[in-house]
Amino acid sequence: MDNHVFGYGSLIESASRPRTNPDAIGAWLAEVTGYQRGWFHQFVQPVSYSCTYLGTFEKPKATMNGVI
């Protein structure tokens, strides 16, 4: 079985993808069922610092677009 990376968020955008990985030239549209994108917060000590990131969570019947 082949392994693939499913990219979503900024990895969908063709100009952004090579900034993350210069070898990531080709990409093909894909859709995943059972997951949904969401914005998440991670708080680190001290509490005044936080990080917001795009992630996924399981959600039956949801679909999410991206690239492989």
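Leaving out ligands, DNA and RNA, what percent of the accessible area of the chain is carbon and sulfur, probe 1.4 Å?
C and S atoms contribute 56 percent here.
HN-Hα J couplings of region 30-42 from phi, Karplus 6.51/-1.76/1.60, θ = phi - 60°, integer Hz, Gly and Pro as x?
Result, rounded to whole Hz: 8, 9, 10, 9, x, 9, 9, 6, x, 8, 10, 10, 10.
Using helices alone, what [θ] at 222 nm do you get for the chain, with -39,500 (n - 2.57) per DSSP H run of 4 or more residues, divided over all residues and rounded to the nearest 500?
That comes out to -1000 deg cm²/dmol.
Can you compute 3J(HN,Hα) from phi for each residue in region 2-19, using the Karplus curve 6.51 cos²θ - 1.76 cosθ + 1.60 with θ = phi - 60°, rounded to whole Hz and x for Gly and Pro?
7, 9, 9, 9, 8, x, 9, x, 5, 6, 6, 6, 5, 7, 7, 4, x, 5
Give me the accessible area per residue for the chain, probe 1.4 Å, as a whole number in Å².
Per residue, the chain has an accessible area of 82 Å².
Which of Gln36, Gly7, Thr20 sits farthest toward the positive end of the charge dipole of the chain, with +1 on the Cβ of Lys and Arg and -1 on the Cβ of Asp and Glu?
Gln36
The values are calculated or read from the model by the stated rules, or taken from the named source; none is laboratory data. Remember, it's a predicted structure, so these values are computed and weren't measured experimentally. Here the Cβ is made from the backbone with ideal geometry for all residues, glycine too, and neighbour counts use every protein chain on show. The area values use the complete protein model at the heavy-atom level, side chains included, leaving out ligands, DNA and RNA. Shrake-Rupley method; radii C 1.70, N 1.55, O 1.52, S 1.80 Å.
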